[in-house]
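Student: The structure is given below, and queries will be raised subsequently.
The values are calculated or read from the model by the stated rules, or taken from the named source; none is laboratory data. Worth saying up front: this structure is predicted, and the values here are computed from it rather than measured. All Cβ positions, glycine included, derive from the backbone under ideal geometry; neighbour counts span all protein chains shown.
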Amino acid sequence: MTRSAFAHVDGVLHAEGVSAVSLAEQFGTPLYVYSRAALTDAWQAYAGACAGRRATVHAAVKANSNLAVLNVFARLGASFDIVSAGELARVLAAGGKAENTVFSGVGKSVAEMREALEAGVKCFNVESIPELDRLNAVAASVGKTAPVSLRVNPDVDAKTHPYISTGLKSNKFGIAFDEARAAYRAAAAMTHLRVVGIDCHIGSQITEIEPYLDAVDKLLELVTQIETDGVTIHHVDVGGGLGITYDDETPPDIGEFVRTVLDRIESRGHGHREVYFEPGRSLVGNAGILLTRVEYLKPGAEKNFAIVDAAMNDLARPAMYQAYHGIEPVVQRDVPSHVYDVVGPVCESGDWLGRERLLAIEPGDLLAVRSAGAYGFVMSSNYNTRGRAAEVMVDGDKAYVVRAREEVRQLFAGETILPA
């Protein structure tokens, strides 16, 4: 669905109604390009499936925290899921509301808790007994009661990359399933906490519904036990993690996924509880591309290299997860095709964007790296003193700079040298 926002017209890739060539010429490369239509379509797929049901969609800010992206969702009525006080500030700056924001994350600081309490966030997703103790103390110090949901680790294998798996016993996230009931009793006894829900998140880039249903079943079984202890659970947060198509994956349709999860919860006798979804990648992943220009074509003894101006500091996923992104020429040329490793200029052998890609290209050509809207710019860095890419939002036949390209002097503006 969202990939259709980026299509070739007369042999030239377009973002909605704007040529990618014109975008690169006007704004330079590397360049992140987002489609407002694709963002809207993905959001409406979730919202439409939740319509008339006791369900709320919280956009996961960590996937793409650009203010314009968040503002698109805020205008559509989104709630949000954050993992830092910085992300809370972004939500508020983008027009979101604290009272519709869930604060997740395994390592919340005292300052972050205080800031979120003062802002009035909807709920804290708490991940350990020590965090419960800290939040209770911080809430007492500011004279507030913190609404809490405990993130329970259901020990469900989401069958995804180990770096983005979060629901197994060996992961750092959540409270162990066997310890959760006691943790809820402890939370309910704390004077400045108010238990409101239960939460789980089993991983990312999940392309099957079954792991979610397994997690939901375990979670609902636990809810029944918790309420037997006299602690009321008002909402069930099933997290995010639904996958997208990068290559040949076939994730479930968003609407089918949402309806299947809600039907399972209702069939188990828990339809009176509100359900939270926290999508990230499936909202923004295929709503963005990264444009990069070929600097050199370098033949080698064993491999051919297409050296481009984007690097691992711009898109970290291939180096970090060995992740696949589709890569294609912006302009379809009638030139010989060769197999290339698409690599960047950073001084690391791990600096690659794609391996063994058959491409018909020449030096100076533009390439589009697909599916770059999630965990793209947000994970970028200034390694090798490289300014981060500009970000552009396309809306129909218009394009808007939503984050200016970083200049080198900005990168060390806060640094000083020792006095003479």
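Student: What strands (runs of 3 or more DSSP E) lie completely within segment 339-405 and have 2 or more residues being more than 17 Å from M312 (Cα to Cα)?
Tutor: Details: elements: 352-359, 366-369, 390-395, 398-403.
Qualifying strands (runs of 3 or more DSSP E): 352-359, 390-395, 398-403.
Student: Could you please give the count of residues in segment 281-311 that are surrounded by fewer than 24 Cβ atoms within 10 Å (Cβ to Cβ) and either assigned to a strand (DSSP E or B) or in contact (Cβ under 8 Å) with a residue 60 or more places away in the chain (or both)? Even if it seems obvious, please write down each step before you answer.
Tutor: To start, the set of residues in segment 281-311 that are surrounded by fewer than 24 Cβ atoms within 10 Å (Cβ to Cβ) comprises 293-305, 307, 309.
Retained after the next criterion (residues that are either assigned to a strand (DSSP E or B) or in contact (Cβ under 8 Å) with a residue 60 or more places away in the chain (or both)): 293-299, 304-305, 307, 309.
Going through segment 281-311 one residue at a time, the tally reaches 11.
Student: Taking interchain pairs and intrachain pairs at least six residues apart, which have beta carbon atoms under 8 angstrom, with the first residue in segment 396-416 and among the β-branched types (V, I, T) and the second in a strand (DSSP E or B)?
Tutor: Listed by first residue and then by second, the contacts come to V401/A390; V401/E391; V401/V392; V402/Y34; V402/E391; V402/V392; V402/M393.
Student: Being under 23 Å from S282 (Cβ atoms) and either surrounded by 16 or more Cβ atoms within 10 Å (Cβ to Cβ) or not charged (D, E, K, R) (or both) is the requirement here; does S349 meet it?
Tutor: no
Student: Oh, and also: Could you list, in sequence order, the residues of segment 30-58 that are closer than 22 Å to G243 by Cβ, out of contact with any Gly (no Cβ under 7 Å at 6 or more places or on another chain) and among the hydrophobic types (A, V, I, L, M, F, W, C)?
Tutor: A37, A38, L39, A42, W43, A47, C50, A55, V57
Student: If D334 meets every condition in (1) in contact (Cβ under 8 Å) with a residue 40 or more places away in the chain; (2) outside any strand (DSSP E or B); (3) among the acidic types (D, E); (4) closer than 15 Å to L366 by Cα apart from one, which number is that one?
Tutor: Condition not satisfied by D334: (1).
Student: Hey, another quick one. Scan I244, I289 and give me the residue that is within 30 Å of A390 (Cα to Cα), at pLDDT 95 or above and outside the structural domain of G373 (by TED's automatic domain parsing).
Tutor: None of the others qualify; the one that does is I244.
Student: Using beta carbons and a limit of 9 Å, which pairs, at least six apart or on different chains, have the first residue in segment 110-135 and outside the structural domain of V236 (by TED's automatic domain parsing) and free of Cβ contacts under 8 Å to residues at least 40 places away in the same chain and the second one of a type in the set (G, A, S) and in a helix (DSSP H, G or I)?
Tutor: From residues that are outside the structural domain of V236 (by TED's automatic domain parsing) and free of Cβ contacts under 8 Å to residues at least 40 places away in the same chain, there are no pairs.
Student: Does E391 satisfy the condition of being free of Cβ contacts under 8 Å to residues at least 60 places away in the same chain and either surrounded by 16 or more Cβ atoms within 10 Å (Cβ to Cβ) or more than 13 Å from G288 (Cβ to Cβ) (or both)?
Tutor: So E391 does not fit the description; no.
Student: Keeping to segment 179-196, report how many residues are outside any strand (DSSP E or B) and over 14 Å from E127 (Cα atoms).
Tutor: Quick first cut of segment 179-196, residues outside any strand (DSSP E or B) only: 179-192.
Filter once more, so that each one left must be over 14 Å from E127 (Cα atoms): 185, 188-192.
Selection size over segment 179-196: 6.
To keep it simple, each residue is scored yes or no on (1) closer than 26 Å to S109 by Cβ; (2) within 14 Å of the chain's Cα centre (by Cα); (3) at pLDDT 95 or above; (4) not charged (D, E, K, R).
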residue: H58; (1), (2), (3), (4): yes, yes, yes, yes
residue: N66; (1), (2), (3), (4): yes, yes, yes, yes
residue: G77; (1), (2), (3), (4): no, no, yes, yes
residue: D81; (1), (2), (3), (4): yes, yes, yes, no
residue: G86; (1), (2), (3), (4): yes, no, yes, yes
residue: A94; (1), (2), (3), (4): yes, no, yes, yes
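Student: Continuing with this model, one more query. Out of the residues in segment 235-260 that are under 15 Å from the mean Cα position of the chain (by Cα) and part of a loop (DSSP other than H, G, I, E, B), state the one that is surrounded by the most Cβ atoms within 10 Å (Cβ to Cβ).
Tutor: Only one residue fits best here, namely G239.
Student: Hey, among the residues in segment 1-46 that are within 18 Å of the chain's Cα centre (by Cα) and among the polar types (S, T, N, Q), which one's modelled with the lowest pLDDT?
Tutor: Per the stated criteria, the residue is T2.
Student: Same structure, new question: If you check V402, V408, V339, V394, which single one turns out to be out of contact with any Asp or Glu (no Cβ under 6 Å at 6 or more places or on another chain) and not hydroxyl-bearing (S, T, Y)?
Tutor: Residue meeting the stated conditions: V408.
Student: So, in segment 322-335, of the ones that are under 22 Å from T245 (Cβ atoms) and surrounded by fewer than 16 Cβ atoms within 10 Å (Cβ to Cβ), which residue ends up farthest from the chain's Cα centre (by Cα)? Show your work before the answer.
Tutor: If we filter segment 322-335 for residues that are under 22 Å from T245 (Cβ atoms), which is where we start, we get 322-330, 332.
Then keep just the ones that are surrounded by fewer than 16 Cβ atoms within 10 Å (Cβ to Cβ); that gives 322, 332.
Details: Q322: 17, Q332: 31 Å.
Only one residue fits best here, namely Q332.
Student: Would you mind telling me which numbered condition in (1) within 30 Å of K122 (Cβ to Cβ); (2) in a loop (DSSP other than H, G, I, E, B) A59 fails?
Tutor: So A59 meets the others, but not (2).
Student: I've got another one for you. Hey, can you tell me all the residues within segment 123-144 that are in a helix (DSSP H, G or I) and among the β-branched types (V, I, T)? First the steps, then the outcome.
Tutor: Keep residues of segment 123-144 that are in a helix (DSSP H, G or I), which gives 129-141.
If the condition is that a residue be in a helix (DSSP H, G or I) and among the β-branched types (V, I, T), then I129, V138 are the ones that fit.
Student: Collect the residues in segment 285-316 that are under 27 Å from A37 (Cα atoms) and not hydroxyl-bearing (S, T, Y), keeping them in residue-number order.
Tutor: Residues satisfying the conditions are G285, N286, A287, G288, I289, L290, L291, R293, A310, D314, L315, A316.
Student: Anything in segment 106-122 that is buried (at least 22 other Cβ atoms within 10 Å of the Cβ) and part of a loop (DSSP other than H, G, I, E, B)? List them, or say none.
Tutor: K108, V121, K122
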